[in-house]
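Engineer: Pasting in a structure now, in structure tokens, and then I'll have a few things to ask.
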Amino acid sequence: MCLPSASREAFFSEAPVTGALTEALDQMLKELGGVFTRLSPELAETLIREIDRAPRIFGCAVGRSGFILRGFMMRLMHLGLTVYVVGETVTPRLKPDDLLIVISGSGETAQPREVLRRANSVGARTLALTACPDSTIGREARVTLHIPGTTKLAQAQEPASAQCPGSLFEQATFLFLEGVVLILYKNRLGQNHHDMLSRHADVE
């Protein structure tokens with residue numbers, strides 16, 4: 001829930017917080033359920049196929065989508081894959097056949113848009129997760145996965161949501177990627193609990 005500043009004091013002093021939280025979570029789950037009923041069943045297999053083919057995987061996203069992207073890349077690293085985040089000083093040069101994954105709800109975010117164009121120009125494979133498949137990123141990515149959530153653009157074709165702009169796309173993308181990680185963990189990469197823990201950071 002996004003409250004104007006003037007409403008915060010009244011909200012926290014008058015509303016039963018437990019009841020408000022339950023209501024908010026119920027609203028979020030209802031909205032997410034609506035998104036997932038619209039997801040194409042081939043999306044997860046498409047992403048997994050691209051990951052399987054890639055010698056190295058790069059990721060690019062900013063803002064809240066950037067946090068989701070980093071969490072996904074961390075899990076791929078835990079699964080034993082070679083991954084990098086664009087913008088880090090230790091990220092190497094993109095090469096042909098590397099996979100670049102970008103996340104942008106609007107499909108027009110400047111940095112991932114330009115990074116995707118650069119990746120295309122060097123022959124890397126590019127995959128976008130976006131709520132706007134007709135956007136620049138959606139059109140220019142070699143593979144586009146449509147996650148039909150809300151964005152900062154608040155376009156007419158977006159699903160109805162009581163949440164802050166962009167939240168529904170971000171939540172749905174996070175859970176979709178967590179589902180892909182679970183499939184890879186259980187069914188594809190032959191990993192177990194010990195394998196995963198052996199790659200967790202020990203210098204945090």
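Engineer: Among the residues of segment 130-148, which ones are in a loop (DSSP other than H, G, I, E, B) and either within 17 Å of residue 168 (Cα to Cα) or of a type outside the set (A, V, I, L, M, F, W, C) (or both)? Quick ask: steps written out before the conclusion?
Structural biologist: Residues of segment 130-148 that are in a loop (DSSP other than H, G, I, E, B), as a first pass: 131-135, 141-142, 147-148.
Listed by number, the residues that qualify are 131, 132, 133, 134, 135, 142, 147, 148.
Engineer: Something else: Would you confirm, using the coordinates I've provided, whether residue 67 is assigned to a helix (DSSP H, G or I), of a type outside the set (S, T, N, Q), in contact (Cβ under 8 Å) with a residue 24 or more places away in the chain and touching a helix residue (DSSP H, G or I) at 6+ places or on another chain (Cβ under 9 Å)?
Structural biologist: On the way: assigned to a helix (DSSP H, G or I): yes; of a type outside the set (S, T, N, Q): yes; in contact (Cβ under 8 Å) with a residue 24 or more places away in the chain: no; touching a helix residue (DSSP H, G or I) at 6+ places or on another chain (Cβ under 9 Å): yes.
No.
Engineer: In segment 25-55, which residues are closer than 25 Å to residue 113 by Cβ and touching a Pro at 6+ places or on another chain (Cβ under 8 Å)?
Structural biologist: Matches in segment 25-55: 35, 38, 39.
Engineer: Please go through segment 88-113 and give me each residue that is part of a loop (DSSP other than H, G, I, E, B) and either within 16 Å of the chain's Cα centre (by Cα) or at pLDDT below 95 (or both), ordered by number.
Structural biologist: 97, 104, 105, 106, 107, 108, 109, listed by residue number.
Engineer: Determine which member of the set 23, 31, 14 is charged (D, E, K, R), in contact with a Leu (Cβ under 7 Å, 6 or more places away or on another chain), more than 30 Å from residue 120 (Cβ to Cβ) and modelled with pLDDT under 95.
Structural biologist: None of the others qualify; the one that does is 31.
Engineer: Tell me which residues, restricted to segment 37-48, are farther than 14 Å from residue 177 by Cα and free of Cβ contacts under 8 Å to residues at least 12 places away in the same chain.
Structural biologist: 37
Engineer: Now a separate question. Take segment 49-64 and flag every residue that is part of a helix (DSSP H, G or I) and either under 17 Å from residue 97 (Cβ atoms) or without any contact (Cβ under 8 Å) to a residue 40 or more places away in the chain (or both).
Structural biologist: Within segment 49-64, the first condition is being part of a helix (DSSP H, G or I), and the residues that meet it are 49-53, 63-64.
Residues satisfying the conditions are 49, 50, 51, 52, 53.
Engineer: Okay, next question. Being at pLDDT 95 or above, part of a helix (DSSP H, G or I) and closer than 20 Å to residue 72 by Cβ is true for just one of 127, 116. Which residue is that?
Structural biologist: Numbers: 127 fails: part of a helix (DSSP H, G or I).
Answer to the check: 116.
Engineer: Restrict the check to segment 79-100 and report whether at least one residue is surrounded by 20 or more Cβ atoms within 10 Å (Cβ to Cβ) and out of contact with any strand residue (DSSP E or B) (no Cβ under 7 Å at 6 or more places or on another chain).
Structural biologist: There is no residue in segment 79-100 that is surrounded by 20 or more Cβ atoms within 10 Å (Cβ to Cβ) and out of contact with any strand residue (DSSP E or B) (no Cβ under 7 Å at 6 or more places or on another chain).
The values are calculated or read from the model by the stated rules, or taken from the named source; none is laboratory data. No experiment lies behind these values; they were computed from the predicted model shown. Note: ideal-geometry Cβ built from the backbone for every residue, glycine included; neighbour counts use all protein chains shown.
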